[in-house]
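No value in this document is a laboratory result; all are computed from the given coordinates. As the structure is a computational prediction, the values presented were derived from the model and not from experiment. Here the Cβ positions follow ideal geometry from the backbone for every residue, glycine too, while neighbour counts run over all protein chains shown.
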Amino acid sequence: MSIAAVTSHDMTPQGTASKNGISHVLPPIGKTRLTWSGLLGSEWIKMRTRVSTYWLGGIGVIMMIAMAIASAIQGSNGDVSADSVMVMATGGVVGAQFCAMLLGVFTITNEYRTGQIRSTFNAVPKRLQSLAAKAAVAAIASFVVTAASIVVSLIIAHVLSGRGLAFGYFSPEGLRMLIGAPLYMAFIAVLSLMVGAILRKSAGAVSIVLLMFWALPGSMVILPPSISGIVAAFLPSTAGAALYGLSSGAGDQVFSAITPQSAFSLPVWGAFLVLVAYVALFAAIASVVTKRRDV
Amino acid sequence: MHITANNLSKHYGRKLVVDNASFTVHDGKVTGFLGPNGAGKSTTMRMLLGLHRPDSGDVLFDGRSLTSFENPLQVVGSLLDAKAFNPHNTPSQYLLAQAATHGLGAKRVDEILHLTGLAKVADKKMGGFSLGMGQRLGIANALLADPQVLILDEPINGLDPEGVRWVRDTLKSLAAEGRTILISSHLMAEMSQTADHIIVIGKGKILADAPVDDIVSGKGSVRVRSPQLPQLLELLASRSVEAKSREGDTAVLTGIAIEEIGQIAAERRFTLFELASVGSSLEDAYLNLTADAVEYKTGE
C-alpha cells in the first residue's frame with residue numbers, strides 16, 4: 001500500500017475504496033496536535049481569505065495617509081514641532097477605527113453567518129481557545145497595519161510640513177502617540193469582535209459598537225455639564241483619544257468633533273486601564289455566551 | 001473508539017427535542033441513525049460533537065470528553081450541513097484553515113481534495129457549488145485529519161449516483177479499518193445497503209438500537225397460503241399467534257418465525273401453497289417503529 005497508489009485514482013473517487021483490505025481509504029497521517037500556533041495560523045488564513053479584510057485594510061490605510069497629507073499641507077506654513085507631526089500622522093485613526101471595528105466584527109460574525117463556526121468548534125472544542133485566537137489575530141493585524149500606516153504617514157507629514165526627514169527627537173508624548181494609536185486600533189478590533197461574539201450578527205454588533213463610540217459621546221450633552229465631562233472621560237472613544245491624541249493643545253481639534261471638550265481628562269495610564277476594563281468586560285460576556293450557546 | 005451518549009436531553013424553548021437518549025456507537029461498523037423529520041437526529045448529532053449543549057446527560061469518546069483530547073479533529077470529523085462555508089472562499093482555502101489548527105498543511109489538503117474528487121475545483125470559489133459539490137467538500141472536511149470517528153448528517157443528500165456509491169464504499173472501508181461511523185439518513189434503501197447497525201429515534205426517544213438484520217427480521221411478517229388455512233390458524237391461535245390479515249386462503253402472520261410455521265405444517269401434514277416472509281425491508285421495519293413518533297405526517 002502506498003499513498004501514491006491511492007492518489008493516482010484522483011479523478012475516480014470510487015476507485016479509492018480498498019478491495020484487498022490492506023490499503024487505506026484515507027492516506028494516513030501521523031499523530032497531530034491542536035496547538036496555539038496552529039490555531040493562530042488557521043485564524044490568519046481565514047482572515048486573509050476574506051474579501052472584506054482587504055477592503056477594510058485598504059480603506060483604513062488610505063484614510064490614515066490621506067489625513068496625514070491633508071493636515072500636513074494645512075500646517076506647512078508655520079514652524080512645526082515634532083509632536084505636531086505625530087498628531088498629523090495619527091489623526092487618521094479617528095476615521096480608520098471604523099475599519100478596525102468592522103474587521104473585528106466580521107472575524108467572528110462571518111463564521112456564524114455561514115455556519116463555518118461548527119467546523120471550527122469541531123476542530124477546537126474548547127471554544128474559548130478559538131475566540132482567543134481570533135481576537136489575537138484581529139488585534140495583531142490591526143496593530144501592525146496601523147503602525148505601518150503611521151510610519152508612512154509620518155514620513156509624508158514630515159516632508160509635506162517642511163520639517164524634512166529630521167527624526168530622532170521624539171518626545172515621550174510623541175512616542176506615546178506612536179504606540180498608542182496602533183494599540184487603540186487593536187483594542188477597538190478586539191472589543192468589536194467580542195460584541196460580534198455576543199450578538200453573532202454583523203448588523204447588530206456594528207450598531208452596538210457605533211452606539212458606544214459615536215452615539216454615546218454625542219449624547220453627553222444631555223447630562224448636566226458638571227458631570228458630563230467626567231462621564232465622557234470614561235467612554236471608550238475618549239479614553240482611546242487620550243492614548244493616541246495630543247493630551248492638550250493644538251491636536252485636539254481633530255477629534256473634538258466626536259469627544260466633548262472638558263476640563264476633566266484621565267491620565268494616559270488611566271485611559272489605558274479604562275480600555276482594558278472595557279475589553280475585559282466584553283470578553284467576559286462573550287466567553288460566557290460562547291461557551292454556553294448551541295451552534 | 002466508541003461514542004457513548006448517556007441520558008441526553010435537550011429542550012428548545014419548552015419543546016423537548018431529545019428525551020433522555022442513551023446509546024453507544026461502536027467502532028468497526030457503520031451505524032445508521034434514522035428518524036422522521038424533527039425527531040431529533042441533527043440535534044443529537046450536534047450534541048455528540050459538543051456543538052449543542054445538552055440540558056442533561058453527557059457524551060464520551062472512549063470514556064473521555066471530546067475537550068480532553070489534544071487532537072480533537074483526529075478524534076472526530078463531522079459533516080453537519082453541506083454549505084457551511086464562506087462562498088467567496090475556495091475549497092483549498094477552507095480546508096487549509098481547518099487543517100492548520102492541527103499543524104496539517106497544503107500536502108494533506110491536496111490529498112483529501114484528490115480523494116474526494118474535488119481536485120479540479122480546488123481553487124474555484126465555493127459560492128457556485130451544487131449541493132453535491134458542497135457535500136463532497138463537507139466530507140473532505142470531515143476526513144481531513146484522518147479521524148477515528150465520523151459523524152455525518154445526511155451525507156448523501158444531493159449526491160449523484162456515482163457519489164452515493166463512493167460514499168457508501170468509502171464509509172464501509174473506513175469502518176472495516178476499525179473506525180466508528182455514524183451516519184444519518186432518511187433514505188431507507190441506501191441505509192439498508194450501507195449500515196451494519198441501526199439506531200432509530202422518534203420524538204426524541206431512542207426507539208431501536210440493534211443490528212440491521214435484527215431490526216429487519218424482528219419486525220417481519222410471514223405470508224402463508226394453504227387450503228387448510230382455517231385449521232392452521234386455529235392451531236396458531238392456541239399459541240396466541242393471530243393473523244394480521246386474511247384473504248381467501250392467504251393470511252399474513254406476525255410474531256412467529258417462518259421456520260416454525262413450516263415445522264407445524266409438516267407435522268400436521270398441512271398442504272402449503274406459499275410460505276414467505278414479507279414486509280421485512282428496513283423501510284417497513286422503520287415505518288412500524290416510528291408510526292407513533294412521526295412529527296410531520298402527510299394527510300393529517
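Here are a few things to note about the model shown:
- Across the stretch B:148-267 the C-alpha pair distances fall into 10 Å bins from zero in the proportions 11, 32, 21, 19, 16, 2 percent.
- DSSP bridge orientation in the protein assembly as shown - percent antiparallel, rounded to nearest 5: 65 percent
- Near-label residues of the stretch A:102-146 by backbone N, under 19 Å of a point 7 Å along Cα→Cβ of A:ILE179: A:139-146
- Size descriptors for the stretch A:105-210 (Cα atoms only): Rg and Dmax, in that order, 18.2, 57 Å.
- Within a Gaussian network of chain B (alpha carbon springs, distance under 10 Å), most fluctuating of B:SER92, B:SER56, B:SER22: B:SER56
- The distance between label points at B:THR4 and B:ARG239 comes to 4.0 nm (points 7 Å beyond Cα on the Cα→Cβ vector).
- Label-reachable residues, the stretch B:109-134, where backbone N falls under 19 Å from a point 7 Å from B:ASP160's Cα toward its Cβ: B:113-134
- Label-to-label distance, nm, for residues given as B:ASP284 and B:ALA266 (7 Å Cα→Cβ offset): 2.4 nm
- Dipole magnitude of the stretch B:3-210, debye to nearest 20 (Cβ charges: Lys/Arg +1, Asp/Glu -1, about Cα centre): 520 debye
- Note on A:28-41: average number of Cβ atoms from other chains within 10 Å of each residue's Cβ is 6.
- Annotation: lysines with alpha-carbon distance below 19 angstrom to A:LYS291 (same-chain offsets under eight excluded): A:LYS126, A:LYS134, A:LYS201, B:LYS10.
- Separation of the stretch A:191-231 and the stretch A:109-164, taken as the distance between their Cα centroids, equals 21 angstrom.
- Equivalent ellipsoid of the stretch B:3-210: semi-axes from √(5λ) of the C-alpha gyration tensor, largest first, are 27, 19, 17 Å.
- Positive-end extreme of charge dipole, the stretch B:27-167 - chosen from B:LEU66, B:ASN141, B:GLY117 (charges on Cβ): B:GLY117
- Placed amide H near B:SER277: partners under 5 Å, 5+ positions off or other chain: B:ARG223
- Nearby aspartates and glutamates by direct alpha-carbon distance to B:LYS203 (threshold 19 angstrom, same-chain neighbours under 8 apart not counted): B:ASP19, B:ASP55, B:ASP153, B:GLU154, B:GLU283, B:ASP284, B:ASP292, B:GLU295, B:GLU300
- Highest mobility in the GNM of chain B, judged by mean-square fluctuation with C-alpha springs under 10 Å and restricted to B:GLY63, B:GLY28, B:GLY158, is found for B:GLY63.
- FRET efficiency estimate (nearest 0.05) - Cβ-Cβ, A:LEU128 to B:LEU131, R0 30 angstrom: 0.35
- Partner shielding of B:55-68 amounts to 1, given as the average count of beta-carbon atoms from other chains within 10 Å of each residue beta-carbon.
- Peptide A:124-133 has a mean shielding of 3, counted as Cβ atoms of other protein chains within 10 Å of each residue's Cβ.
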